[in-house]
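For reference, the structure discussed in these notes is given below.
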Amino acid sequence: MTETGHDDLGMVASAHPSASRAGCEILEAGGNAFDAAVAVASALNVVEPYMSGLAGAGFATLWVAAEERVRVLDFVPPIPRSFPPQRFTTRAELLSGPSAVLTPGNLAGWCKLHATYGRLPLREVLAPAIALAEQGFEFSTFGHVEVTGFGPAHAAAAGTGEAFAAAFPFYATLQPGDQARLPMLGATLRQIAEGGADVLYKGELGKRIIAFLAEHGGTLTMDDLASVAPEWREPLSVTYRGLDIHVPPPPCEGFQFLLTLRLLEGFDVGALGPQSADHLDLVLRAVRMAAGVRIADNRPGADKLRAILSEEGVQPLRERLRAGVVVPAPTEQWTSEPPPGADPGHTTSFSIADREGNLICITQSLGSVFGSGVAVPGTGVVLNNFLYWADVQPGSPNRAAPGMPLAMCMSPSISTIGGRPTLALGTPGSYGILQTQPQAMVSHLDFGLEIQAAIDAPRARLWDGRLVEIENRVAPEVFDALRERGHDAQPFPTPFTMRVGGMQAIRRDPGTGRLSGAADPRRNGAVAVARR
């Protein structure tokens, strides 16, 4: 765990050392946490182009010190009005290719955040990402696995593969430790540094995206791009063990995370012993139960949401938890085609704090690895596949329709105590996000682990039915006991796996104000401190 001194300017925890350093450069240049957030987000576009980028989507949850409040910025666009849901009946049809592309939201979100709270010029905030793209960065072992594992299939895709191979020429040759450059992406970021978000949403970049998609069967239109408008929202909050935890409201699906904690609030989890069968059985059943509530209605209105999280709504579920029965159930959508253990979601999350008291957590993504696999020729921009998360299954209560808000399984969180910010925590992991964040909170709050130790602790990923996979650092006899209680509990083959996320967190001591940062060993994460 990394800590700040009294004279330090702030801290960044992200999934790549170069991105964390980019954020600190901006803090050291006089920027605030919100300037640094745009620098980190754009740098991650360069050093992790397979995880997130300007053509993705996401959420930010932030504590604004000057206003003494938590705010949420939602930059997940609605389902495009041009989207033809009747053409699809299964998720698999939208896993990749031009039809899978949701209207890009990340760039609009970065620029909205910067315009509202940033201090430095946009060109200065984007300069670290441009330098990384043009001058190069070190290719990580994690990046090597992702790019060589998924790049060849995208490069071989009919119609779009040639453009992908041109954008990422190193997909089959680079080794860990090699230097990589993305000059086309660097040139695009330079255009955005001068012209802002309009370069994409009203300008030449947008026209090139729409034309290329149309050429290969996509339906996105310039009207879809022009309609993108990130929204400021009030956070959704619950109290757990004295900590007020704030996440984005629906259409974000983070309420599953909060409902899990509400269920556990009625139990003395800390008395069960960390990583014991009693601890894991209770938490896993609470996660599965909360997932069922979310799947039954993944876009509840304000009244329904209050009822779900109320004591009256939670108490009957707690009684079912006390009964100790594992009920086979889905964990992702109303039904789920991917085979158990197959997780197509790849995302990134980062947290930033500055000396002024601001705190921000952003979770952003392209969806799957390299999103849709569609790279726009000459731009270095790869497009998302977020329509894979739109429920197109006939009969589903959550079936997608054009213009409908897209329910999204992200949950960047800011926690406060006594009305003061104390923790920023988020993770990637598709629907696993909503499962693993409560597990980390239990380790931190119920078992008293420092935030790095809480992130390091073994975690589990639940799948449809009874299947749950758990990192193999849990004792074999615990697996046996969980099976006896009705879980199909299986160990992951490794002690640490990204299948249970890649959390980054910053904690502010409410007494001293000092910062401590944590980076997940399951990713290439790093904590960096901005020095005076």
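Details
- Within region 143-168, tally of residues that are surrounded by 15 or more Cβ atoms within 10 Å (Cβ to Cβ) and part of a loop (DSSP other than H, G, I, E, B): 3
- Residues that are among the acidic types (Asp, Glu), in contact (Cβ under 8 Å) with a residue 24 or more places away in the chain and touching a strand residue (DSSP E or B) at 6+ places or on another chain (Cβ under 6 Å) occur at least once in region 73-91.
- For region 292-306, a residue qualifies if it is part of a helix (DSSP H, G or I) and either closer than 17 Å to residue 260 by Cβ or not hydrophobic (A, V, I, L, M, F, W, C) (or both), and the qualifying residues are 292, 293, 294, 295, 296, 303, 304, 305, 306.
- Residue match in region 281-291 (condition: farther than 26 Å from residue 404 by Cβ and not in a helix (DSSP H, G or I)): no
- Set side by side, the residues 466, 461 differ, and just one is closer than 18 Å to residue 287 by Cα, touching a helix residue (DSSP H, G or I) at 6+ places or on another chain (Cβ under 6 Å) and either among the basic types (Lys, Arg) or crowded, with 19+ Cβ neighbours inside 10 Å (or both), which is 461.
- Filtered residue count, region 491-532, keeping only those that are farther than 20 Å from residue 24 by Cα, in the same structural domain as residue 454 (by TED's automatic domain parsing) and surrounded by 24 or more Cβ atoms within 10 Å (Cβ to Cβ): 3
- Number of positions in region 241-254 that are over 26 Å from residue 333 (Cα atoms), touching a strand residue (DSSP E or B) at 6+ places or on another chain (Cβ under 9 Å) and surrounded by 15 or more Cβ atoms within 10 Å (Cβ to Cβ): 2
The values are calculated or read from the model by the stated rules, or taken from the named source; none is laboratory data. Source: prediction; values computed, not measured. Positions of Cβ are generated from backbone atoms using ideal geometry, with glycine treated the same way; all protein chains shown enter the neighbour counts.
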